[in-house]
1. Note down the magnitude of the dipole of the range B:191-273 about its Cα centre, charges +1 on Lys and Arg C-beta and -1 on Asp and Glu C-beta and zero elsewhere, to the nearest 20 debye.
2. Which whole-angstrom value gives the distance between the alpha carbon centres of the range A:73-129 and the range B:381-419?
3. Can you compute the charge dipole magnitude of chain B about its Cα centre, using +1 on each Lys and Arg Cβ and -1 on each Asp and Glu Cβ, nothing else charged? Give it in debye, rounded to the nearest 20.
4. Pull up all non-local amide H partners of A:Thr63: gap of 5 or more, or a different chain, and H-to-H distance under 5 Å with H placed in the peptide plane.
5. Counting alpha carbon pairs within less than 8 Å and at least 6 residues apart, what relative contact order, in whole percent, applies to the range B:42-192?
6. Roughly how many nanometres apart are two label points built 7 Å out from the Cα toward the Cβ at A:Asp50 and A:Thr194?
7. May I ask you to evaluate 6.51 cos²θ - 1.76 cosθ + 1.60, the Karplus curve with θ = phi - 60°, for each residue of the range B:214-228 and list the ³J(HN,Hα) values in order in whole Hz, giving x for glycine and proline?
8. Taking every DSSP beta bridge that has both residues in the range B:223-365, what percent is antiparallel when rounded to the nearest 5?
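What follows is calculated from the coordinates using simple rules that are stated; it is not laboratory data. Computed from a predicted model, the values in this text were never measured in an experiment. So basically every Cβ, Gly included, is an ideal-geometry build from the backbone, and we count neighbours across all protein chains shown.
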Amino acid sequence: MSVTDVRSATAERIDELASGPAPRAALIGYLPVGFPSVPGSARAVRTMVDAGVDVVELGMPYTDPVMDGPVIQAAANRALANGTRVRDTLRVVEEVASAGAPVLVMTYWNLVLRYGVDAYARDLAAAGGAGLITPDLIPDEAADWIAAADEHALDRVFLVAPSSTPERLASTVAASRGFVYAASTMGVTGERATVGERAEQLVADTRAAGAARVCVGLGVSRPEQAAQVAGYADGVIVGSALVRSLLDAPDEAAGLDALAGVVHGLAEGVRSAQRIPR
Amino acid sequence: MSGTAGRDGARRRMRDVLLGGGPLATHEGPYFGDFGGRFVPEALIAALDELETEYHKALADPAFSDELERLHRTYTGRPSPLTEVPRFARHVGDGVRVFLKREDLNHTGSHKINNVLGQALLVKRMGKRRVIAETGAGQHGVATATAAALLDLECTVYMGEEDTQRQALNVARMELLGATVVPVTIGARTLKDAINEALRDWVANVDSTHYLLGTVTGPHPFPEMVRDFHKIIGEEARAQILEETGALPDAVVACVGGGSNAMGIFNAFLDDPQVRLFGFEAGGAGISSGRHSARFSGGAPGVLHGARSYLLQDEDGQTLPSHSVSAGLDYPSVGPEHAWLHDTGRAQYRPVTDDEAMEAFRLLCRTEGIIPAIESAHALAGAIQLGREAAGWAGGDRPPVVLVNLSGRGDKDVATAAAWFGILEPEPVVKADEGEQL
């Protein structure tokens, strides 16, 4: 099966938003499974979709998350301490797949390797998942995953960074399906005062390398930042700001309220963007 | 290249090598059979490519090797001696000759300086001004701070918070040398978390900063490059033992944490099939106790810190905590080249318990007047285990010869050992649950 034969729910959602009566970028929201609890994380995902998230990025907690900053690390540690398992991710995917947004799983690679690459792809597809975002897997090391994603019709979201060479942009774009994840800055996840200034150039370069959809993450936390990024990218990825709203809350109900409030603001930001014509 | 082609190509190359297609000693990454690779964020790939290119350019530049050779001669104190230890050898086996490669006599007290000086010279060539490093008990951190002082580089060392308290003396040592020590307060607050923090720093500062990784793990080109900077151990030892005995040793023995001292001494003997290679990992309280660092006896293949290798992990692939009385062997993964040598059978890996290592530690002190690092005591205990087999090795009238890499000295371990043997009250013990990899 060739890449073009696979229907990507994520790509369809992004394209639909870009070509509707009020064209806009997608808002992609990250939350980790198992925080504050496994059922609580499913409720949080539904809350953020209801509040305006277009695509879900569901994180699998891992002991050694080298691409994550302190906020997401803290939530993942709590999830692991609560006994969250890889299988719980698939259960949550199944529970939220009907919420109205494609669900991508963000995972460090050893968890999938241990489960079995093809078995994980099969079970993720069966649960209604859209694909994987793989922060520590580059296409050069991803032969098994590329084959499994084709076999089970899943999206493969690889990352590009401001340090990526034109050759690497081209090979990463060619290996990706759904969208390409552009890291706005050289660094890890977390809230920042400004979104990396290299992000806009990276989006342009990634498109020039052949990408149909480029979404920007790392450091986007506020409505005005979302608006700025939505002006030039196909999607705006927010994680730490959402996780923090749950972390800071005294209880789950307050956390869900705070989460909905943050998402409303970001969704407003994305809708207010002055889009730069492609 | 596509991943499949790359993996198949690596397998083919390994087969060629095993069938005599090329020497093992010069095998290049990124793959060692099914192991190695680059499982890191895309943001680091450009820096790894730059490092690989600069490393290969340096190898081809006589000025680089001349400078490293000069530093080793005038600063490290190389060549390190080869010492025969007949009183210790009596405890290994009847008629067995045991030789120690004395990396404990290097400046800063272990083999670590070999790699640190090599990488620090590369940093100067790359025009970077800052180095970062991980450390557990502090040996690699001290060696890195030393090289940074010598070569005028800014130096930041990441160390688990608990280790900074337990190893306050080494923290002071690094700070005296001008380094900044950053206590890591997230995750399990152990060596692996210090590596995670160093990787996060590197992603954010890669333009100005080099990650001076302390062992033969991590993404390509680290396993190959760190091995090459340590292979001088085996090259010297091979010439020295030929000079002393007129023949190659029957066995070469080393302790294996991350595996840098072991790769360093194994490398010169990889293509001598008659030389048996043995790596001893930390068996801790015993494999069945679950409290150990024996990746080959108690782990399974997986990915951690950029490379595929053997790994202590749970059913889900989450990293499991490791344990050893020796800080330097206390790491949940191991260098990918060791994983390859294990799977191909070229080297054998066996566990040594805390008790066995400490007994060998005491024995070397009492019989030879040498206080070894507790890491190196695992290799000594391994030699004692092998003594039972060694009688059958040598042909004719020649006694069996065992070469042991004494990778470090035990000054840092005096408090641990004194408490272990009841010489001091156990209170001030430096509890070495986590450490850097030897």
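1. Approximately 260 debye in magnitude.
2. Going from one Cα centre to the other spans 48 Å.
3. 580 debye
4. B:Thr319
5. Across the range B:42-192, relative contact order equals 16 percent.
6. Roughly 3.9 nm, to one decimal.
7. Karplus values, whole Hz, x for Gly and Pro: x, 8, 8, 10, x, x, 3, x, 4, x, 6, 5, 5, 4, 4.
8. 35 percent
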